[in-house]
Each structure stands twice: as C-alpha cells, then as structure tokens.
Amino acid sequence: MNDIILTGDRPTGKLHIGHYFGSLKNRVKLQNEYETYIEVADIQALTDNFSNPEKVKNNVEQIVMDQLAVGIDPEKSTIFLQSMIPEIAELTVFYSNLVTIARLQRNPTVKTEISQKKELFGESVTYGFLGYPISQAADITAFNANIIPVGEDQLPLIEQCREIVRKFNSIYGETLREPQAYIGENKRIKGLDGNEKMGKSLGNAIYLSDPEEEITKKVMNALTDPARIKKDDYGNPDICMVSYYHKLFSNSEVEEICAECRAGKRGCVVCKKQLIKNIVKELLPIQEKRRYYEENPKLVKEILMEGTKKAQKEAANTIKKVKESMKLDYFLV
Ligand code: ATP
Ligand code: MG
C-alpha cells in the first residue's frame with residue numbers, strides 16, 4: 001500500500017513562522033516523496049469560532065495562498081476543503097461510539113486548549129470542541145493516510161486517532177489504517193511573548209505575510225532577558241526570544257550573537273535589527289510568490305476546487321468500505 005500523508009491547518013488566521021519551521025518546510029519536502037493531502041480544516045475551525053463564520057470563511061483562501069507561497073505544488077499535493085467532504089462528518093459520528101468522554105477530557109492538548117478558551121466556554125465546554133479529536137481521526141482515516149506531519153501539540157490527537165482505529169478494526173474487522181505522527185526537527189516554535197507555542201489564536205505570531213513594518217514592531221516588542229537593562233549588562237540569550245528566533249533565521253551568525261550578548265558587548269536594539277533583516281530576507285521570496293496568487297484569486301479557487309474534487313473521490317471509497325464493515329451497506333450493489 002502507498003504511503004499517504006494527511007496534514008492541515010485551521011482557517012483561523014494566516015500562517016506564521018511557527019507553521020513554517022514546524023510543518024510547512026517539511027510538507028514541501030515530503031510532497032516529492034509521498035501522496036499528500038492538505039486539509040483546510042474549516043469545520044474544525046468552527047469548533048471554537050462557531051459564532052464567527054466570516055472569520056473562518058475569510059481565512060480559507062489566505063491559508064491556501066500561504067501554502068502555495070511556501071512551495072506547496074498543487075500538482076503534487078491535494079489541497080481540499082474539509083466542509084466539502086461530508087464523509088468526514090459521517091465517520092465522526094461512527095467513531096464517536098468508540099471514544100469515552102473521560103478519554104477526551106484527559107487528552108492533554110484538548111485540556112490545555114480548553115483552559116486557554118475560558119472566555120469562550122466558561123465552565124462548560126461544547127460537545128463539538130471536546131470531540132474535535134474524533135473529527136480529526138475522521139480526517140486522517142478518510143484518506144487512508146498513514147503519515148501525519150504535525151507539530152508537537154498534535155501528538156496526543158494522533159495517539160487518540162490510533163486508539164480509534166484499533167478499536168474500530170477490533171470490532172468491525174480490519175478496515176482502517178493506523179497512522180504515525182511525523183515530527184520534524186522544529187516540533188514546537190515558541191511565541192513572541194515567550195509562550196511555549198506560537199499560535200494563530202494566541203496573538204503571539206509573526207505571519208509569513210507580515211510586511212517589514214509589522215515584523216519590526218513585533219520583534220522590537222519581543223520578550224528579552226528582563227534583567228538586562230543597559231547594553232553592557234551581561235545578557236542571558238537562553239531566556240530571550242530574539243536569540244531564540246536568531247537560531248531559526250541567522251544560522252551562521254548565532255554563536256557570535258549569543259557570545260556577544262553574554263559578554264555585554266551587543267545591545268538588544270542592534271540584535272533585534274539584525275533579526276528583522278534576516279526575517280525579511282527569508283520571507284521575501286515567499287511574499288513575492290504570495291503576491292502572484294493574491295493577484296490571481298481565481299487560480300487559488302480553482303486549485304482548491306480541483307483538490308476538493310479529488311479528495312471527495314477518495315473519501316467516497318473509504319466510506320463505502322467503512323459502511324460495509326459496519327453492516328450499514330443496505331442498498332449498495
Ligand atoms: P490555532 O491557534 O487557531 O489553533 P495554530 O497556530 O495552532 O492555530 P493550526 O492550524 O491549529 O495552527 O495548526 C496547523 C499545524 O501547524 C499543526 O500541525 C500544528 O501542530 C502546527 N503548528 C501550529 N503552531 C505551531 C508551532 N508554534 N510550532 C510548530 N508547529 C506548529
Ligand atoms: Mg492549533
């Protein structure tokens with residue numbers, strides 16, 4: 001059986017440098033080796049944005065443009081829209097019998113995210129949000145995917161999907177394929193505020209499409225060593241977000257930057273300006289490519305439509321097999 005990749009993003013905002021180092025670079029490389037599906041997870045985005053459907057809709061094409069801008073090739077990768085694949089919703093219902101509420105509540109990622117969304121959910125979370133790991137298992141299995149490139153935050157969700165697959169197969173017979181997470185070198189990129197994760201919904205991100213002024217503003221306000229007040233104070237780059245991002249953007253210069261900071265020989269302003277220059281340089285070709293798609297919105301729509309048609313065919317094959325296994329194949333000939 002072919003190796004198949006399924007990965008995706010929630011259209012809750014544009015993609016950021018956490019996505020770039022954490023998953024997009026990997027996707028661009030892996031699409032040359034494996035059949036690749038990239039889902040724009042609009043239904044999952046609604047689980048915590050249900051009262052703001054415009055936000056989700058408006059970000060669908062933004063996400064597709066970001067993918068294309070970093071080098072996702074629609075000839076190699078199938079980019080599709082989750083809400084246009086009703087089989088995913090059907091599978092979600094079938095799998096929901098195989099998961100207990102306690103197990104969902106114990107999922108560490110779901111737990112963290114619920115605590116971050118107190119304002120939205122108050123004391124009681126919705127059924128839809130609590131159950132999104134089930135819908136994610138449906139996303140993966142609908143395409144028979146076995147390799148799932150993700151950031152570290154997704155590991156508990158992949159584990160939950162594996163449990164669902166094993167339980168399904170043990171009850172209904174060998175039908176679904178058990179997936180593996182694929183974690184790249186940068187499994188979790190921290191936020192500008194020092195948060196363990198840069199996230200679209202956390203307000204701590206540098207977006208791939210940010211103009212230079214915006215990057216400048218964000219880097220200038222990034223968290224640095226709070227004990228360092230004057231340039232000749234000895235700095236601690238280990239607790240400074242600017243040096244953290246230098247490690248991603250300024251490869252050959254990093255050692256010198258950190259040594260000078262520790263010795264009190266490099267001021268924060270100089271250090272930040274150098275980072276801004278390197279980020280702008282790395283993002284320039286991405287932003288140029290993005291501009292091409294921004295000027296050709298019809299092309300972006302076509303790519304998404306074509307991808308969605310291909311994905312629909314695959315999901316239809318899966319649901320047929322699943323229904324047969326579950327004895328739900330009443331009128332099929
Ligand atoms: P949201 O805050 O709305 O959940 P997000 O920034 O977490 O948005 P997602 O669309 O949920 O982005 O995630 C898409 C993919 O990018 C997932 O595989 C996720 O693990 C990965 N990812 C997201 N943020 C990071 C990060 N800071 N570092 C590494 N990988 C990340
Ligand atoms: Mg997320």
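The values are calculated or read from the model by the stated rules, or taken from the named source; none is laboratory data. All of these numbers come straight from a predicted model, not from anything done at the bench. Here the Cβ is made from the backbone with ideal geometry for all residues, glycine too, and neighbour counts use every protein chain on show. Calculation scope for accessible area: heavy atoms of the full protein, side chains included, ligands and nucleic acids excluded. Shrake-Rupley method; radii C 1.70, N 1.55, O 1.52, S 1.80 Å.
What is the number of the single condition among (1) out of contact with any Phe, Trp or Tyr (no Cβ under 8 Å at 6 or more places or on another chain); (2) among the charged types (D, E, K, R); (3) crowded, with 20+ Cβ neighbours inside 10 Å that LYS57 does not meet?
(3)
Kindly indicate whether THR175 is within 30 Å of MET241 (Cα to Cα), of a type in the set (Ser, Thr, Tyr) and away from ligand 1 (no atom under 13 Å from the Cβ).
Criteria not met by THR175.
Out of all the residues in the range 142-189, which are buried (at least 18 other Cβ atoms within 10 Å of the Cβ), of a type in the set (A, V, I, L, M, F, W, C) and either in contact (Cβ under 8 Å) with a residue 60 or more places away in the chain or farther than 18 Å from ILE88 by Cβ (or both)?
Answer for the range 142-189, where residues must be buried (at least 18 other Cβ atoms within 10 Å of the Cβ), of a type in the set (A, V, I, L, M, F, W, C) and either in contact (Cβ under 8 Å) with a residue 60 or more places away in the chain or farther than 18 Å from ILE88 by Cβ (or both): ALA142, PHE143, ALA145, ILE147, ILE148, VAL150, ILE164, PHE168, LEU176, ALA181, ILE183, ILE189.
Among the listed residues ASP73, ASP66, which satisfies the condition of being assigned to a loop (DSSP other than H, G, I, E, B) and either in contact with a Gly (Cβ under 8 Å, 6 or more places away or on another chain) or at pLDDT 95 or above (or both)?
ASP73
Looking only at residues that are surrounded by fewer than 20 Cβ atoms within 10 Å (Cβ to Cβ) and part of a strand (DSSP E or B) in the range 1-50, which one is nearest to ligand 2 (Cβ to nearest atom)?
Here the answer is ILE4.
All but one of (1) within 16 Å of ligand 2 (Cβ to nearest atom); (2) open to solvent by 50 Å² or more (accessible area, probe 1.4 Å) hold for LYS200; which doesn't?
(2)
Which helices (runs of 4 or more DSSP H) does the range 217-333 wholly contain that include 3 or more residues that are surrounded by 18 or more Cβ atoms within 10 Å (Cβ to Cβ) and among the small types (Gly, Ala, Ser)?
Output list reads 297-325.
Got a sec? Which of LEU176, LEU130 is within 28 Å of ALA311 (Cβ to Cβ) and more than 16 Å from ligand 2 (Cβ to nearest atom)?
LEU176
Can you pull out every residue in the range 173-193 that is within 24 Å of ASP3 (Cβ to Cβ) and in contact with a Phe, Trp or Tyr (Cβ under 9 Å, 6 or more places away or on another chain)?
Passing the criteria: THR175, LEU176, GLY184, GLU185, ASN186.
Looking at (1) within 10 Å of ligand 1 (Cβ to nearest atom); (2) part of a helix (DSSP H, G or I); (3) closer than 30 Å to LYS323 by Cβ, which is the one condition that is false for GLU87?
Checking GLU87 against (1) within 10 Å of ligand 1 (Cβ to nearest atom); (2) part of a helix (DSSP H, G or I); (3) closer than 30 Å to LYS323 by Cβ, the one that fails is (1).
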